[in-house]
Amino acid sequence: MTDQLSHTTEDVPFAMTRGTRVPAPRYFDREFAQLEDERLWSRTWQMACRLEEIPAPGDYETYTIGDQSLIVLRLNEDTIRAYYNACRHRGTQLAVGSGSFRGGQIACPFHGWRWNLDGTNSFVFGPEAFTESVADPLELCLPQAKVGTWGGCVFVNLDPDAPALEDALAPMPSLLDPLGIDLMKVVWWKAVDLPANWKLAMEAFIEGYHVMASHPQITQGQFDEYDADSLAYEVHDNGHSHYINRPGAQRSQRRKVDYLDEVEALIDASRILCEGLEAMTLPSDLQVIETLRQREVGEDASLGSELVKVIYEHAAQEGIPLPQLKGKDLIKWGGVFFVFPNYFVLPQYGNALCYRFRPVLGDPERCLLELWSVSIPAASAEVGKPEMQGPFTPDDSEHWPLIPLQDFANITRQQKGIHNRTFEHTRISHVYEVGIANLHQEVDRYLAQD
């Protein structure tokens with residue numbers, strides 16, 4: 001990443017002109033947020049729902065971004081549609097929340113007009129009272145947004161000229177598909193109403209630089225400074241980025257321990273993650289990892305290889321179709337993958353934690369953050385339709401474990417702090433926070449387009 005940017009964004013307010021500085025008003029200026037509504041959210045592929053939310057024909061989930069609402073609907077086993085959520089008569093929303101359209105009909109609650117699941121109009125009450133042009137069957141078809149599927153999710157795009165989903169997401173599918181994220185199903189789904197700009201909130205998860213200070217229980221006091229060699233950061237075209245743990249990386253002041261001590265340290269760290277996040281490492285994984293205490297191994301045993309063995313042995317016993325991974329894919333466990341503009345996947349073992357961030361219309365200093373804990377179930381398991389819990393407040397310790405509470409507290413304080421009159425811009429590390437700069441540069445690319 002270079003400090004001085006070569007592209008021109010004269011028409012973008014508070015544009016990124018340096019790769020290491022983000023102007024503070026980007027996080028609270030209403031004109032900037034309005035421009036995002038007009039030029040960013042109307043043109044980008046966004047994760048709208050998970051496939052298990054709409055398992056049967058007629059099942060739907062509404063998706064709202066800004067002032068636009070879509071009905072994401074399963075037409076049949078192979079086809080999903082996204083209709084604009086407005087009656088063609090007088091604009092009444094045809095659906096709210098989620099559910100299933102009875103009898104294969106989408107009905108307006110106001111005057112009873114109806115549509116087939118394929119979007120064609122099936123009934124107008126008193127058609128003789130309307131002129132032929134008003135009740136033209138072609139005019140009455142429900143307009144559609146573009147739809148695609150990837151990673152167990154449905155993606156939508158409001159731009160009819162948008163590039164294909166696979167092109168927009170590249171290279172993220174090639175990085176994540178081997179991990180079996182398309183096989184994962186929802187364990188829990190929660191939401192929080194955060195008093196922060198959506199970009200500011202996301203940035204806390206685009207970098208791992210904050211872990212030592214924000215989540216000291218994870219590092220357990222082992223490291224007194226951050227080691228640039230411990231995480232591998234990479235940015236991609238289209239605004240995507242990811243970071244993973246480098247295999248064999250040594251952090252500063254790390255204790256030299258024998259194998260059994262390493263096992264106990266892994267169990268402690270796994271328990272902290274399991275209890276503090278309730279995702280990625282699930283209680284069943286912790287039980288499996290604890291069996292390493294009794295496992296007989298050779299003198300040259302590697303903890304990493306033994307961990308992989310017990311994870312796969314457990315999966316085989318339980319009938320979990322965990323993909324067989326090689327080293328280059330195994331090191332993605334514990335990584336963070338950001339899919340522009342607002343979706344994250346954090347994989348570990350056969351699980352993942354997923355995030356989605358959306359701005360709140362009319363308030364650039366609020367966003368809705370949703371979190372999904374997902375896992376590959378046994379092949380024989382029955383998977384139900386997930387339901388969102390919340391939105392909860394960011395300080396609700398009854399519904400949020402420790403790690404999210406720590407993140408939410410920092411994000412809330414950061415949104416307040418950037419208003420200080422002496423604070424003109426954030427200062428971005430070209431090593432640890434390169435993904436943040438990449439995000440903002442991609443946002444500007446959209447905002448610069450008419």
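Worth pointing out:
- Residue within the range 344-355 that is touching a His at 6+ places or on another chain (Cβ under 6 Å) and assigned by TED's automatic domain parsing to the domain that holds residue 273 present: no
- Criterion (outside any strand (DSSP E or B) and at pLDDT 95 or above) met by exactly one of 131, 92: 92
- Put simply, of 139, 128 the only residue that is more than 30 Å from residue 450 (Cβ to Cβ), outside the structural domain of residue 335 (by TED's automatic domain parsing) and either among the hydrophobic types (A, V, I, L, M, F, W, C) or out of contact with any helix residue (DSSP H, G or I) (no Cβ under 7 Å at 6 or more places or on another chain) (or both) is 128.
- Some residue of the range 23-32 being within 17 Å of residue 357 (Cβ to Cβ), of a type in the set (Ser, Thr, Tyr) and surrounded by fewer than 17 Cβ atoms within 10 Å (Cβ to Cβ): no
- Test for residue 54: is it β-branched (Val, Ile, Thr), closer than 27 Å to residue 428 by Cβ, in the same structural domain as residue 151 (by TED's automatic domain parsing) and surrounded by 17 or more Cβ atoms within 10 Å (Cβ to Cβ): no
- Residue in the range 22-42 that is basic (Lys, Arg) and part of a strand (DSSP E or B) present: no
- Just one of the listed residues (93, 144) is surrounded by fewer than 17 Cβ atoms within 10 Å (Cβ to Cβ), touching a Ser or Thr at 6+ places or on another chain (Cβ under 8 Å), polar (S, T, N, Q) and touching a residue at least 24 places away in the same chain (Cβ under 8 Å), namely 93.
- Residue under evaluation residue 35, criteria (1) surrounded by 16 or more Cβ atoms within 10 Å (Cβ to Cβ); (2) in the same structural domain as residue 368 (by TED's automatic domain parsing); (3) over 23 Å from residue 168 (Cβ atoms), criterion not met: (3)
- Filter result for residue 312 (among the aromatic types (Phe, Trp, Tyr), part of a helix (DSSP H, G or I) and either without any contact (Cβ under 8 Å) to a residue 60 or more places away in the chain or closer than 26 Å to residue 414 by Cβ (or both)): yes
- Within the range 420-438, being more than 15 Å from residue 231 (Cα to Cα), of a type outside the set (Gly, Ala, Ser) and in contact with a strand residue (DSSP E or B) (Cβ under 9 Å, 6 or more places away or on another chain) holds for 424, 425, 426, 427, 428, 436, 438.
- Number of residues in the range 315-366 that are on the phi > 0 side of the Ramachandran plot and either touching a residue at least 60 places away in the same chain (Cβ under 8 Å) or assigned to a strand (DSSP E or B) (or both) equals 3.
Yes or no, residue by residue, for (1) at pLDDT 95 or above; (2) surrounded by fewer than 16 Cβ atoms within 10 Å (Cβ to Cβ); (3) in contact with a Pro (Cβ under 7 Å, 6 or more places away or on another chain); (4) of a type in the set (D, E, K, R):
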| position | (1), (2), (3), (4) |
| --- | --- |
| 339 | yes, no, no, no |
| 350 | yes, no, no, no |
| 353 | yes, no, no, no |
| 374 | yes, no, no, no |
| 382 | no, yes, no, yes |
| 398 | yes, yes, no, yes |
| 412 | yes, no, yes, no |
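- Selection over the range 382-440 of residues that are part of a strand (DSSP E or B) and more than 21 Å from residue 344 (Cα to Cα) gives a count of 3.
- Within the range 143-194, tally of residues that are among the charged types (D, E, K, R) and closer than 20 Å to residue 315 by Cα: 3
- Sole residue being among the aliphatic types (A, V, I, L, M), in contact (Cβ under 8 Å) with a residue 24 or more places away in the chain, surrounded by 20 or more Cβ atoms within 10 Å (Cβ to Cβ) and under 29 Å from residue 68 (Cβ atoms), chosen from 436, 403, 428: 436
- Any hit, the range 219-233, residues being modelled with pLDDT of 90 or more and in the same structural domain as residue 262 (by TED's automatic domain parsing): yes
The values are calculated or read from the model by the stated rules, or taken from the named source; none is laboratory data. All values derive from a computational prediction rather than experimental measurement. FYI the Cβ positions are ideal-geometry reconstructions off the backbone, even for glycines, and counts take in every protein chain you see.
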